[in-house]
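Visitor: One structure is given below, represented as structure tokens, and several questions about it will come after.
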Amino acid sequence: MKTYLVGGAVRDSLLGIAGSDRDWVVVGSTPEAMVQSGFTPVGKDFPVFLHPRTHEEYALARTERKTAPGYKGFVVHSSPEVTLEEDLARRDLSINAIAQAEDGRLIDPYGGQHDLQHKVLRHVTEAFREDPVRILRVARFAARFPGFTVAAETVLLMQDMVAAGEVDALVSERVWQELSKGLMSARPSRMLQVLRDCGALKILLPEVDRLYGVPQPPEHHPEIDTGVHLEMVLDETAKANAPLEVRFAALCHDLGKGTTAADKLPRHIGHEERSVKLLRNLCERWRVPVHCKELADVVAREHGHIHASQSLGAEAVLRLLSRCDALRRPERFAMVLQACVCDARGRLGLQARNYPQSMRLQALLNAALSVDTAGISAQAMQQGLSGMDVGKRIEHARVKAISQHAALRTDATA
């Protein structure tokens, strides 16, 4: 029995990246022998075991045979006769098909080190076409390593897979898993670009694909193209190290612009409502987590109002805060504002622009939250008021607090 470190840990070590999870391949063993050695079996679809001390994953060397469409349509074969080279041949990219022996020696039968040096994402063998998840993985790696290019032959192979309908067989859990990782990468726009180049974007995210080539008013969007704007907004979220909720909200904030009638271009009146409807369909299709869906919904509905909020009076500000549920969930409203900042800066030549709306609305929310609602409620009930009348008292106090804070800010800057 021989064990080899494989995959991302080897790749990242060669790139000088620390902290990657370590995965191992075992050659020349059986499930029974692994259990007898103290390993715990955990694999559902193929033999994977946890080390008794380190709890790292050890997989028996295996080969796969395609039996049906989709990423689950495989028969896995594992035996002591399967070689390391055969196991590495079934991996997605050459940079992930490098193994390291116990003595530190590298085994690289498919040119992974060469592709690392030349910053190329290249499929290992024709077996790549048997798993459509690999299309998403290539796009995600392009977002994680934005300096890498996808090999021309790999792009052609992915295009063939899309044309053959392989992408249609993907299940929601795997799609969301890879999309979310791509969104959390260094340059999320690269994921969209790679998916678009191979034709997968129009199948997986047709709402996003429709944005490319759609014009916007140049006085607000010097980049003009809505798809280019979306890419720039996503990359702004990465620069800001924003959480996944914000990045997903950025992805979906302008979906409605892809459905604007031709005679209404380049204006996009009412795109917010259309965005919300499209967003909900997208979230249902890929089973997007509720916390991501909810934030994206608020951003899609309200980002235009937040951009225009500098001119709003106290009552209008309170209505905006209420629609965003900011009084009840101020921590989420902070993420809404972060998405709006990225939207404002995701425009050609405006990446460093100031966005005073965020600071102002956060300050006015704090003013509204400072109101002693419990005290107002108790006093109102002592006076025989209840229900809506108590709510009106609280609303009046919040409007007053917002108005007073706004007046103080105006005086301070006069």
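Visitor: Angle between the Cα long axis of helix 133-144 and the longest principal axis of the chain, 0 to 90 degrees, nearest 10?
Guide: The angle comes out at about 60 degrees.
Visitor: If you don't mind, another one. For I95, what charge total do you get from the other residues with a beta carbon under 14 Å from its beta carbon, if Lys and Arg give +1 and Asp and Glu give -1?
Guide: Cβ neighbours under 14 Å give a net charge of +4.
Visitor: Further, regarding this structure: Relative contact order (percent) for the chain, with alpha-carbon contacts under 8 angstrom and 6 or more residues of separation? Don't skip to the end; give the middle numbers.
Guide: Working: 668 pairs, mean separation 39.2, N = 414.
Relative CO of the chain lands at 9 percent.
Visitor: Using θ = phi - 60° and the Karplus form 6.51 cos²θ - 1.76 cosθ + 1.60, what ³J(HN,Hα) does each residue of segment 364-376 get, whole Hz, x for Gly and Pro?
Guide: In residue order, the calculated couplings are 6, 5, 4, 5, 5, 6, 6, 5, 7, 5, 5, x, 5 Hz.
Visitor: Right, another one. Quantify how much of the Cα-Cα distance distribution of segment 215-369 extends past 29 Å, in percent.
Guide: Percent of Cα pairs beyond 29 Å in segment 215-369: 13.
Visitor: Sort 264-270, 83-89 for me by packing, meaning the mean count of neighbouring Cβ atoms within 10 Å per residue, highest on top.
Guide: Working: 264-270: 13.4, 83-89: 18.0.
Output ranking for 264-270, 83-89: 83-89, 264-270.
Visitor: Another question, if that's okay. Build a GNM of the chain with springs between Cα atoms under 10 Å: which of R210, R53, R134 gets the top mean-square fluctuation?
Guide: R53
Visitor: Related question: If you work out mean projected area of the Cα convex hull in nm² from the coordinates, which of [x] 21.3; [y] 26.8; [z] 25.0 do you get?
Guide: [y]
Visitor: Roughly speaking, what is the centre-to-centre gap between segment 1-48 and segment 241-297 when only Cα atoms are used, to the nearest Å?
Guide: Answer, in whole Å: 40.
Visitor: Of the peptides 387-394, 316-323, how do they stack up when ordered by the mean number of other Cβ atoms within 10 Å, highest first? Don't skip to the answer; put the middle values down first.
Guide: Values: 387-394: 13.6, 316-323: 17.9.
Top to bottom by mean Cβ count within 10 Å: 316-323, 387-394.
Visitor: Moving on to the next point. Cα axis of helix 290-307 to longest principal axis of the chain: angle in degrees, 0 to 90, nearest 10?
Guide: Roughly 50 degrees, rounded to the nearest 10.
Visitor: Further question: Determine the dipole magnitude for the chain: charges of +1 sit on the beta-carbon of Lys and Arg, -1 on that of Asp and Glu, nothing else is charged, the reference point is the Cα centre, and the result goes in debye to the nearest 20.
Guide: For the chain, the charge dipole is close to 1180 debye.
Visitor: Rounded to a whole number of µm²/s, how large is the Stokes-Einstein D of segment 132-204 at 4 °C and 1.567 mPa s, given Rh as the Kirkwood radius over C-alpha pairs? Could the numbers behind the result be given before it?
Guide: Numbers: Rh = 11.9 Å.
Estimated via Stokes-Einstein, D reaches 109 µm²/s.
Visitor: Here is a further query. Quick one: what are the phi-derived ³J(HN,Hα) couplings along segment 22-36, Karplus 6.51/-1.76/1.60 with θ = phi - 60°, whole Hz, x for glycine and proline?
Guide: Each residue of segment 22-36 in turn: 9, 10, 10, 10, 10, 10, x, 10, 10, x, 5, 5, 5, 5, 5 Hz.
Visitor: Report, in deg cm²/dmol and to the nearest 500, the calculated mean residue ellipticity at 222 nm for the chain, where each DSSP H run with n ≥ 4 adds -39500 (n - 2.57) and the sum is divided by the residue count.
Guide: Value at 222 nm, helices only, nearest 500: -15500 deg cm²/dmol.
Bear in mind that the values in this text are calculations on the coordinates, not laboratory data. All values derive from a computational prediction rather than experimental measurement. Glycine gets a Cβ as well: all are built from the backbone with ideal geometry, and neighbour counts include every protein chain shown.
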